[in-house]
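The values are calculated or read from the model by the stated rules, or taken from the named source; none is laboratory data. Bear in mind the structure is a predicted one, so any value in this text is a computation, not a measurement. Ideal geometry is used to build each Cβ from the backbone, glycine not excepted, and the neighbour counts take in all protein chains shown. The area values use the complete protein model at the heavy-atom level, side chains included, leaving out ligands, DNA and RNA. Shrake-Rupley method; radii C 1.70, N 1.55, O 1.52, S 1.80 Å.
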Amino acid sequence: MLYSGDAVLVIYILRVMDAKLENAILRHLASGFEQDLFKAAIANVDDEKNQLRLNNFAYSMRELIRTVLERLAPDEDVINAPWFKPNDKLHPEKVTRSQRIKYAIQGWLSDEYVKRQLDVEHDSSDKDLRDSIDILSKYTHVAPKTFYVKSQEIKEMALDVLDQVQLFLSTIDVVRVQVRNAVAESIDEEMIEEFYINTQNDLDILSTHYEVESYILTSIETLNQDDEEVVLRVHGQINVRHQYGSAGDMRRGDGYEMNMSYPFSSTLTASYKNPEGDVHIIDRTMNIDTSDSWG
């Protein structure tokens with residue numbers, strides 16, 4: 001049995017949890033209409049004096065989800081995704097709700113890449129969100145069964161809907177983070193090609209011959225990420241052996257070698273909106289600071 005003080009505490013804890021959930025959703029919404037509509041939906045369900053509060057909440061939340069999905073997954077982008085298959089042969093340009101949710105989360109990335117390479121499984125959360133939308137649709141129609149609903153049931157339904165919306169939006173964040181991680185993991189391959197296969201003119205002019213012995217990455221930062229590309233900048237140190245003189249000079253003792261270390265930075269652009277349905281680097285720049293070599 002809860003004493004009066006305990007009941008007040010429980011109500012306070014639930015309200016704090018509600019606020020965190022609402023704030024988590026709010027930060028994913030576009031400023032202006034989306035955020036204003038969400039706030040209005042919450043104000044409706046919190047208005048215990050309004051007998052239509054559940055119906056108003058259901059209608060406004062359903063429309064909000066539709067608006068967000070249309071922003072995150074425009075028809076043209078969904079239709080052009082490599083994994084897209086028309087659900088209706090008579091209307092091949094028609095995008096289903098399921099396809100729109102899928103695109104909002106993974107974009108052009110293939111199912112296999114998302115599951116195996118990014119380790120993200122979202123089929124269950126997709127279904128839960130669709131179920132929540134169906135529940136909302138039910139309560140947009142005012143009838144005795146959808147009008148005379150107990151306050152506790154309203155609270156539970158609203159929380160469940162908000163929880164599924166927040167889970168869907170947070171899954172989008174997870175995929176974006178995993179995309180950045182995938183790019184970061186491929187940086188070593190890029191650096192190996194850059195340092196050990198390609199000629200670095202900044203190093204080449206310093207001596208007769210040079211050899212990269214090792215390198216180390218000291219930092220990786222995200223410069224930009226949109227719906228198509230992610231741009232990272234890496235900083236590091238490269239260790240180089242310089243040879244002054246030809247091989248013959250070295251054998252005669254007329255040449256010499258010297259080891260040097262230089263800071264470097266590289267900007268890499270990776271695409272995750274491509275026909276291959278994966279994440280791969282499409283451009284990189286390299287800057288090796290050899291200023292100390294010139295005195």
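Scanning region 73-114 for residues that are within 22 Å of Ser132 (Cα to Cα) and of a type in the set (Ser, Thr, Tyr) returns Thr96, Ser98, Tyr103. Counting only strands (runs of 3 or more DSSP E) that sit wholly inside region 229-289, not one has at least 2 residues that are touching a Pro at 6+ places or on another chain (Cβ under 6 Å).
Per-residue answers, yes or no, for (1) within 21 Å of Tyr59 (Cα to Cα); (2) polar (S, T, N, Q); (3) out of contact with any helix residue (DSSP H, G or I) (no Cβ under 7 Å at 6 or more places or on another chain):
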{"position": "His91", "(1), (2), (3)": "no, no, yes"}
{"position": "Leu118", "(1), (2), (3)": "no, no, no"}
{"position": "Ser125", "(1), (2), (3)": "no, yes, no"}
{"position": "Asp134", "(1), (2), (3)": "yes, no, yes"}
{"position": "Lys145", "(1), (2), (3)": "yes, no, yes"}
{"position": "Lys150", "(1), (2), (3)": "yes, no, yes"}
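Considering each residue of region 257-268 in turn, none proves to be in contact with a helix residue (DSSP H, G or I) (Cβ under 6 Å, 6 or more places away or on another chain) and hydroxyl-bearing (Ser, Thr, Tyr).
Going by the conditions given, is Phe168 aromatic (Phe, Trp, Tyr), open to solvent by less than 20 Å² (accessible area, probe 1.4 Å) and at pLDDT 85 or above? The answer is yes for Phe168. Any residue at all in region 107-129 that's more than 28 Å from Glu76 (Cα to Cα), touching a residue at least 12 places away in the same chain (Cβ under 8 Å), surrounded by 15 or more Cβ atoms within 10 Å (Cβ to Cβ) and hydrophobic (A, V, I, L, M, F, W, C)? Scanning region 107-129 turns up no residue that is more than 28 Å from Glu76 (Cα to Cα), touching a residue at least 12 places away in the same chain (Cβ under 8 Å), surrounded by 15 or more Cβ atoms within 10 Å (Cβ to Cβ) and hydrophobic (A, V, I, L, M, F, W, C). Residue count for region 66-117 under the criterion of being among the aliphatic types (A, V, I, L, M) and over 18 Å from Pro275 (Cα atoms): the result is 6. Checked against the criterion of being of a type in the set (Phe, Trp, Tyr), free of Cβ contacts under 8 Å to residues at least 40 places away in the same chain and surrounded by 14 or more Cβ atoms within 10 Å (Cβ to Cβ), region 199-215 has at least one qualifying residue.
All conditions in (1) closer than 17 Å to Ile172 by Cβ; (2) open to solvent by less than 60 Å² (accessible area, probe 1.4 Å); (3) without any contact (Cβ under 8 Å) to a residue 60 or more places away in the chain hold for Thr96, with the sole exception of (1). Taking the criterion of being more than 22 Å from Asp18 (Cα to Cα) and either in a helix (DSSP H, G or I) or modelled with pLDDT of 90 or more (or both), the residues of region 138-157 that qualify are Lys138, Pro144, Lys145, Thr146, Phe147. Is it the case that some residue within region 61-79 is within 22 Å of Leu29 (Cα to Cα), crowded, with 20+ Cβ neighbours inside 10 Å and of a type outside the set (A, V, I, L, M)? Looking through region 61-79, at least one residue is within 22 Å of Leu29 (Cα to Cα), crowded, with 20+ Cβ neighbours inside 10 Å and of a type outside the set (A, V, I, L, M).
Scanning region 143-180 for residues that are free of Cβ contacts under 8 Å to residues at least 40 places away in the same chain and polar (S, T, N, Q) returns Gln152, Gln164.
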